[in-house]
């Protein structure tokens, strides 16, 4: 376990360098509520955002993209069509797809959209909060418990703690293995698994859920990081970068006696200032 942890930490410098050097073109079909924040987060981490949605140009865009991020936050028939067109081309061109199943478990439309995408296309990674991830686990038969989705927020019964960390880690590992993908479940403690390696990440700040779009931003930078690396290592760099930026942003807000609006701006600032030394030295991870 110790050697595996050291190996992952040692890979951070190379992974971050690859992302910065490649400047991965990250095509995001994302939530219109948070699209500006997502674009700025991608730029800050070293990617290049592209926010196309019209079906007439999607094949051309996906063909040149390094990653496709599909966020189902604000669904419409036209957007669902664009998601399917993009995903089909992405699989044909071996472009990694990152799915953010916002609100899955809340409505039948979100359940159907999520499962259609998972069943019909290969996903490099799925990033959601723990309730969304457990909703997918229930839909595919990994678990049978009745967790109740609470809009786009985490159900209080699902919150990841030290006490339930091992059990949640096993659910996420089994789901990743069954779907042959990398799963990143966000919460007070984040869990990342590709079905073989399962990692708990205990970084971040409780102010992060108080701004709109922190999850959407994370999914977008997961796309950039995977576009410049591999699903497991790219996702690890993305979550560490986001969480450590959140910690630094909170410290700045407290120092200046400011609020969530300032926190949002500082979060982007510290994403831009991400460096390997900080990610390695300030990370709090363990192998489950």
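Points to keep in mind about this one:
- When segment 203-230 is filtered for residues that are part of a helix (DSSP H, G or I), under 13 Å from residue 39 (Cβ atoms) and touching a helix residue (DSSP H, G or I) at 6+ places or on another chain (Cβ under 7 Å), the ones remaining, listed by number, are 216, 217, 220, 221, 224.
- Only a single item in (1) in contact with a strand residue (DSSP E or B) (Cβ under 8 Å, 6 or more places away or on another chain); (2) part of a helix (DSSP H, G or I) is not met by residue 184, and it is number (2).
- For segment 57-67, residues that are surrounded by fewer than 24 Cβ atoms within 10 Å (Cβ to Cβ) and in a loop (DSSP other than H, G, I, E, B) total 1.
- Options 19, 70: the member that is crowded, with 23+ Cβ neighbours inside 10 Å, within 17 Å of the chain's Cα centre (by Cα), in contact (Cβ under 8 Å) with a residue 40 or more places away in the chain and part of a helix (DSSP H, G or I): 19
- Residues of segment 22-51 that are surrounded by 23 or more Cβ atoms within 10 Å (Cβ to Cβ) and at positive phi: 46 alone.
- Residues in segment 254-266 that are without any contact (Cβ under 8 Å) to a residue 60 or more places away in the chain and touching a helix residue (DSSP H, G or I) at 6+ places or on another chain (Cβ under 9 Å): 256, 258, 259, 260, 262, 263, 265, 266.
- Residues satisfying the stated conditions in segment 231-288, i.e. under 16 Å from residue 15 (Cβ atoms) and not in a helix (DSSP H, G or I): 274, 275, 283, 285
- Screening the candidates 224, 193 for the property of being buried (at least 22 other Cβ atoms within 10 Å of the Cβ), touching a strand residue (DSSP E or B) at 6+ places or on another chain (Cβ under 8 Å) and either over 18 Å from residue 135 (Cβ atoms) or modelled with pLDDT under 95 (or both) yields one hit, 224.
- Qualifying residues in segment 174-190 (those that are over 14 Å from the mean Cα position of the chain (by Cα) and surrounded by fewer than 22 Cβ atoms within 10 Å (Cβ to Cβ)) - the one farthest from residue 139 (Cα to Cα): 188
- Filtered residue count, segment 97-130, keeping only those that are at pLDDT 95 or above, surrounded by fewer than 17 Cβ atoms within 10 Å (Cβ to Cβ) and not in a helix (DSSP H, G or I): 1
- One residue from 54, 94 being surrounded by fewer than 19 Cβ atoms within 10 Å (Cβ to Cβ) and on the phi > 0 side of the Ramachandran plot: 94
- Candidate set: segment 73-89, residues that are farther than 16 Å from residue 118 by Cβ and surrounded by 15 or more Cβ atoms within 10 Å (Cβ to Cβ); chosen: the one modelled with the lowest pLDDT: 73
- Among residues of segment 174-188, those that are touching a helix residue (DSSP H, G or I) at 6+ places or on another chain (Cβ under 7 Å) and at pLDDT below 95, counted: 2
- Set side by side, the residues 44, 39 differ, and just one is within 14 Å of residue 67 (Cα to Cα), in a helix (DSSP H, G or I) and modelled with pLDDT of 95 or more, which is 39.
- Test for residue 90: is it touching a strand residue (DSSP E or B) at 6+ places or on another chain (Cβ under 7 Å) and either closer than 21 Å to residue 218 by Cβ or not in a helix (DSSP H, G or I) (or both): yes
The values are calculated or read from the model by the stated rules, or taken from the named source; none is laboratory data. Small disclaimer: the values here were computed from a predicted structure and weren't measured. Note that we place each Cβ from the backbone using ideal geometry, even for glycine, and neighbour counts take in every protein chain shown.
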